[in-house]
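K.L.:
One structure is given below, represented as structure tokens, and several questions about it will come after.
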Amino acid sequence: MLKKIAELLAAGEKKLPTERELAEEVVASYATVRLVMKQLETEGFIRRIRGSGTYLEPGAEALLRQSSMRRLWYFRSPDADQPERDYGSWMRGEIRRSAAERNWNLMEEVVFTHDEFLTGLSQRLKPGDAVLYLPPTEPISVRQLGELSRYDSFPLVVLDLEFGDVSIANVTSDNRRGGMLAARQLLKNGSRTPLVLLCEPHLKQLRSRLQGFCEITEIAGITPELLDCGVSVNDDREEFAYRTLLGRLKRGSLPDAVFAISDSGAFGALRAMRECGLEPGRDVGLIGFDGVSAGRKMTPSLATIAQPVAGICRTAFDILEKWVPGRRPQYQLSPEFCPGETLLPLQVNCKQEVLA
């Protein structure tokens, strides 16, 4: 019937044949055609006028284009709907752009746990569907991994969740390399007493960033100070980073630089520094991790390790479009250092001594 509608649209016709004529044309029973026509009317393709006939609705052409698109379920964690400040919101915008460019019919659903995601898969997935999953910040269990692996026949890609040796299609940033880049920039900038602000939940991504940072500082003979903000899944990262670093700055000798494990934490660190009379880039160095646009617009602009969000989305869609059951490619894309004014050359001055 959709093919018939396409033919009518191409011919510039609006009126459909009768249901009995359609039944003969498509070689189906009259009862079946009636059911199909009722469904097409419900979905907005056609309109029946008693005594006149059945006509195509004005929106039929747009609905036909949409029905020809492959359906992509995008299960995502909740975000702050602030793409300029929030990594998840930024990723959502890139996913939407990529789906539109590649002619996918995007269906979005917010999930708060991995179990909620797995339930959504079992209830909504149909043959021909594809799945992208940007998970909530919580650990994933062996049981959940086992359930996820049962969907191997569907094109399914998980974003930003490092699995290690588990064979599930995945695209993420190389968090370990990102931590190494942050350490190299601080050392190059003259830092000798860096502090790492752990302002994200303790998942593998955080541990990888910390591992990369410590590998580089160890080579340089430096042991960074680690400051844990005690952030849980639903906590405000910026607020926790602000309170934790503020207390640390008021206690004693200052670090010469801070690596905030996320940009949200870096925003909180900036507030804490200024409350103590310190200016990032002049009195103390500051570098974040994510690359959200708000960091470039602030004063001073935030130096950060920018995640390759556009590359992550592009690679994920490439996998979906070339999906082969049984193959589960995993990609770790390299982040890049994004310069900012919070890493201007450090200068020794009396403020550090006074505050200490």
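The values are calculated or read from the model by the stated rules, or taken from the named source; none is laboratory data. In this text, all values refer to a predicted model and were calculated from it rather than measured experimentally. Here the Cβ is made from the backbone with ideal geometry for all residues, glycine too, and neighbour counts use every protein chain on show.
K.L.:
Return a yes/no flag: does region 76-90 have any residue that is within 26 Å of Asp129 (Cβ to Cβ), touching a helix residue (DSSP H, G or I) at 6+ places or on another chain (Cβ under 7 Å), surrounded by 12 or more Cβ atoms within 10 Å (Cβ to Cβ) and of a type in the set (A, V, I, L, M).
P.N.:
So far as region 76-90 goes, no, none of its residues is within 26 Å of Asp129 (Cβ to Cβ), touching a helix residue (DSSP H, G or I) at 6+ places or on another chain (Cβ under 7 Å), surrounded by 12 or more Cβ atoms within 10 Å (Cβ to Cβ) and of a type in the set (A, V, I, L, M).
K.L.:
Taking the stated definitions as given, is Arg97 surrounded by 14 or more Cβ atoms within 10 Å (Cβ to Cβ) and under 30 Å from Ile140 (Cα atoms)? Can you show your working first?
P.N.:
Details: surrounded by 14 or more Cβ atoms within 10 Å (Cβ to Cβ): no; under 30 Å from Ile140 (Cα atoms): yes.
Criteria not met by Arg97.
Every residue, every condition in (1) closer than 24 Å to Ser89 by Cα; (2) of a type in the set (Val, Ile, Thr); (3) free of Cβ contacts under 8 Å to residues at least 12 places away in the same chain, yes or no:
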position: Thr137; (1), (2), (3): yes, yes, no
position: Gly146; (1), (2), (3): no, no, yes
position: Phe154; (1), (2), (3): no, no, no
position: Asp160; (1), (2), (3): yes, no, no
position: Val171; (1), (2), (3): yes, yes, no
position: Ala182; (1), (2), (3): yes, no, no
position: Arg209; (1), (2), (3): yes, no, no
position: Phe213; (1), (2), (3): no, no, no
position: Ile216; (1), (2), (3): no, yes, no
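K.L.:
Let me ask something else about it. Filtering region 143-162 down to residues that are in contact with a Phe, Trp or Tyr (Cβ under 9 Å, 6 or more places away or on another chain) and surrounded by 19 or more Cβ atoms within 10 Å (Cβ to Cβ), which residue is modelled with the lowest pLDDT?
P.N.:
Restricting to residues being in contact with a Phe, Trp or Tyr (Cβ under 9 Å, 6 or more places away or on another chain) and surrounded by 19 or more Cβ atoms within 10 Å (Cβ to Cβ), the top hit is Leu161.
Let's see how each residue does on (1) of a type in the set (D, E, K, R); (2) in a helix (DSSP H, G or I); (3) at pLDDT below 95:
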| position | (1), (2), (3) |
| --- | --- |
| Ala241 | no, yes, no |
| Leu246 | no, yes, no |
| Val258 | no, no, no |
| Gly268 | no, yes, no |
| Gly277 | no, no, yes |
| Ile287 | no, no, no |
| Arg296 | yes, yes, yes |
| Pro300 | no, no, yes |
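K.L.:
What pairs come out if I take residues in region 37-49 that are more than 15 Å from Ala62 (Cα to Cα) and in the same structural domain as Ala62 (by TED's automatic domain parsing) and pair them with residues that are at pLDDT below 90 and part of a loop (DSSP other than H, G, I, E, B) whose C-beta lies under 8 Å away, six or more apart or interchain?
P.N.:
Met37/Met1
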